[in-house]
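> Handing you a structure now.
The values are calculated or read from the model by the stated rules, or taken from the named source; none is laboratory data. Not measured: the values here are computed from a predicted model. For neighbour counting, all protein chains shown are included, and Cβ atoms are generated from backbone atoms with ideal geometry for every residue, glycine included.
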Amino acid sequence: MNDLDEFDPKEHQHLRYNPLKDSWVLVSAHRMKRPWAGQVEKPPEKHIPRYDPHNPLCPGNTRANGEVNPDYDGTFLFPNDFPALQPDAPSPGTDQHPLFQSKAARGVCKVMCFHPRSDVTLPLMKNEEVVEVIDKWAELVQELGATYPWVQIFENKGAMMGCSNPHPHCQVWASNFVPNEPALSDRCQRDYYQKHGAPLLLHYAEQEAQRKERIVVESSYWLAVVPYWATWPYQTLLLPRRHVLRLTALTVEERRDLAAIMKRLLTKYDNLFEVSFPYSMGWHGAPTGSHLSQDNSHWQLHAHYYPPLLRSATVKKFMVGYEMLALEQRDLTPEQAAEKLRNLPNVHYKTRHDQEMAEAK
């Protein structure tokens with residue numbers, strides 16, 4: 001093969017640049033043809049009770065620290081009983097040697113339940129219930145961001161992503177430092193802004209809206225795409241169409257539209273293998289705390305979704321070997337992944353099955 005051969009991204013390996021990380025990913029879509037004889041995961045639990053008296057996140061139940069949850073009927077926020085960050089941790093001091101550096105790490109960790117029912121996930125919640133979740137996220141960024149430079153909202157969904165509790169919830173960690181991933185993203189977005197005079201992800205959203213090939217779902221104010229540089233098989237990037245720095249800056253209309261597009265995206269995920277789709281997701285926006293008084297025009301609010309599933313509900317993508325030691329690599333093109341997701345039904349498979357059973361009676 002030489003440079004004169006006709007290139008086919010579905011057949012020929014190639015590198016793609018990730019401008020948010022200033023790094024490259026290897027795309028090797030032809031590897032999907034190989035037979036699979038690797039590890040098969042347990043399928044996600046199908047029958048989760050609406051209420052479990054032993055689940056510490058359910059209304060009215062007792063948590064590990066002995067506190068009793070209120071009988072909440074919407075979102076419920078409480079301090080993490082086993083926080084990774086505490087506000088009053090002592091400083092480790094400083095070591096003058098460049099190979100043995102340490103700094104103080106302080107912050108707060110909170111848990112936020114989305115809904116009182118354990119058997120309801122975001123795509124199955126009502127639109128106004130998802131809006132309530134978004135409003136609470138923005139409120140936390142406003143409250144914690146007044147002090148802390150970084151407020152990380154994230155959701156680990158499913159046992160495959162290390163979530164030990166099926167009750168719908170997320171976590172919020174606020175820290176006195178900007179962590180590695182957003183710090184790198186900050187540098188890359190700033191560099192792009194200085195070179196091109198506009199936010200990187202605003203330009204990117206405009207390009208994806210025109211090209212269409214990687215869009216999964218879109219609306220008046222938002223679009224969700226499998227990014228050109230995606231690493232995980234069905235990774236998506238959720239972007240506003242206008243320049244927005246943080247969740248706190250979203251209008252009422254944008255929050256309602258965000259709730260609707262989140263439900264559509266997550267319905268597509270669940271419909272892919274007809275399971276409650278596992279993923280890790282999180283919001284990135286302009287830093288807060290002392291950064292609030294600085295110019296953060298290079299930033300654009302966005303959410304990352306990282307699902308591990310590749311071939312089925314029980315076969316996931318592993319980040320090992322070459323990925324850990326050399327370069328990130330994926331086994332199907334982002335365009336193939338986007339097309340699969342885009343063509344899935346907009347009605348959740350559970351709702352569809354219920355309708356079919358009702359019609360059969």
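Residues checked against (1) buried (at least 22 other Cβ atoms within 10 Å of the Cβ); (2) assigned to a helix (DSSP H, G or I):
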| position | (1), (2) |
| --- | --- |
| 191 | no, yes |
| 194 | no, yes |
| 201 | yes, yes |
| 206 | no, yes |
| 209 | no, yes |
| 220 | no, no |
| 224 | yes, no |
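> Working only within the range 239-254, note down all residues that are buried (at least 19 other Cβ atoms within 10 Å of the Cβ) and either farther than 21 Å from residue 204 by Cα or of a type in the set (D, E, K, R) (or both).
246, 254
> Next question, about the same structure. It is to be established whether one or more residues within the range 165-178 are more than 30 Å from residue 90 (Cα to Cα), of a type in the set (S, T, N, Q) and at pLDDT below 95.
yes
> Could you tell me whether residue 302 is touching a residue at least 60 places away in the same chain (Cβ under 8 Å), closer than 21 Å to residue 143 by Cα and surrounded by 19 or more Cβ atoms within 10 Å (Cβ to Cβ)?
Answer is yes for this residue.
> If you don't mind, another one. Might you check whether a residue that is touching a Phe, Trp or Tyr at 6+ places or on another chain (Cβ under 8 Å) and either over 17 Å from residue 164 (Cα atoms) or touching a residue at least 60 places away in the same chain (Cβ under 8 Å) (or both) occurs anywhere in the range 97-106?
Taking every residue of the range 97-106 in turn, at least one turns out to be touching a Phe, Trp or Tyr at 6+ places or on another chain (Cβ under 8 Å) and either over 17 Å from residue 164 (Cα atoms) or touching a residue at least 60 places away in the same chain (Cβ under 8 Å) (or both).
> Now, a different point. Checking residue 213 against (1) in a helix (DSSP H, G or I); (2) surrounded by fewer than 18 Cβ atoms within 10 Å (Cβ to Cβ); (3) among the acidic types (Asp, Glu), which test does it fail?
(1)
> Which number in (1) in contact with a strand residue (DSSP E or B) (Cβ under 8 Å, 6 or more places away or on another chain); (2) not in a helix (DSSP H, G or I) marks the one condition that residue 104 misses?
(1)
> Against the definition (at pLDDT below 95 and of a type outside the set (Asp, Glu)), how does residue 79 come out, yes or no?
no
> Out of 334, 308, report the one residue that is closer than 22 Å to residue 169 by Cα, surrounded by 20 or more Cβ atoms within 10 Å (Cβ to Cβ) and of a type outside the set (A, V, I, L, M, F, W, C). Before the answer, list the steps.
Values: 334 fails: closer than 22 Å to residue 169 by Cα.
None of the others qualify; the one that does is 308.
> OK, next. Going by the conditions given, is residue 237 under 18 Å from the mean Cα position of the chain (by Cα), of a type in the set (A, V, I, L, M), part of a helix (DSSP H, G or I) and within 30 Å of residue 346 (Cβ to Cβ)?
Spelling it out, it is not the case that residue 237 is under 18 Å from the mean Cα position of the chain (by Cα), of a type in the set (A, V, I, L, M), part of a helix (DSSP H, G or I) and within 30 Å of residue 346 (Cβ to Cβ).
> Within the bounds of the range 327-345, is there any residue that is closer than 23 Å to residue 212 by Cα, among the β-branched types (Val, Ile, Thr) and at pLDDT 90 or above?
Yes, some residue in the range 327-345 is closer than 23 Å to residue 212 by Cα, among the β-branched types (Val, Ile, Thr) and at pLDDT 90 or above.
> Just checking, how many residues over the range 148-189 are of a type in the set (A, V, I, L, M) and in a strand (DSSP E or B)? It would help to see each step written out before you state the result.
Taking the range 148-189 first, the residues of a type in the set (A, V, I, L, M) are 151, 153, 159-161, 172, 174, 178, 183-184.
Subsequent filtering for residues that are in a strand (DSSP E or B) retains 151, 153, 172, 174.
Counting residues in the range 148-189 that are of a type in the set (A, V, I, L, M) and in a strand (DSSP E or B) gives 4.
> In the range 111-133, is there at least one residue being in contact (Cβ under 8 Å) with a residue 12 or more places away in the chain and over 28 Å from residue 275 (Cβ atoms)?
Within the range 111-133 (the criterion being in contact (Cβ under 8 Å) with a residue 12 or more places away in the chain and over 28 Å from residue 275 (Cβ atoms)), the answer is no, since none of the residues qualifies.
> So, one more: With the structure loaded, tell me whether residue 144 is over 19 Å from the mean Cα position of the chain (by Cα) and either assigned to a helix (DSSP H, G or I) or of a type in the set (Gly, Ala, Ser) (or both) or whether it fails that test.
yes
> Pick from the range 162-181 the residues that are surrounded by 20 or more Cβ atoms within 10 Å (Cβ to Cβ) and not hydrophobic (A, V, I, L, M, F, W, C): which of them is farthest from residue 59 (Cα to Cα)?
Across the range 162-181, the extreme among qualifying residues is 175.
> Let me ask something else about it. Which one of these does residue 128 not meet: (1) surrounded by fewer than 11 Cβ atoms within 10 Å (Cβ to Cβ); (2) at positive phi?
Status for residue 128: all satisfied but (2).
> Starting from the range 1-15, keep only residues that are aliphatic (A, V, I, L, M), then list their pairs with residues that are at pLDDT 85 or above whose Cβ atoms are within a distance under 9 Å, requiring at least 6 positions of separation or different chains.
Filtered contacts from the range 1-15: 1/12; 15/24; 15/25; 15/26; 15/27; 15/327.
> Then there's this: Considering every residue within the range 299-322, establish whether at least one is in contact with a strand residue (DSSP E or B) (Cβ under 7 Å, 6 or more places away or on another chain), part of a helix (DSSP H, G or I) and more than 24 Å from residue 120 (Cα to Cα).
Within the range 299-322, one or more residues are in contact with a strand residue (DSSP E or B) (Cβ under 7 Å, 6 or more places away or on another chain), part of a helix (DSSP H, G or I) and more than 24 Å from residue 120 (Cα to Cα).
Let's see how each residue does on (1) in contact (Cβ under 8 Å) with a residue 24 or more places away in the chain; (2) polar (S, T, N, Q); (3) within 23 Å of residue 292 (Cα to Cα); (4) touching a strand residue (DSSP E or B) at 6+ places or on another chain (Cβ under 9 Å):
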position	(1), (2), (3), (4)
172	yes, no, yes, yes
182	yes, no, yes, yes
194	yes, yes, yes, no
199	yes, no, yes, no
204	yes, no, no, yes
225	yes, no, no, yes
231	yes, yes, no, yes
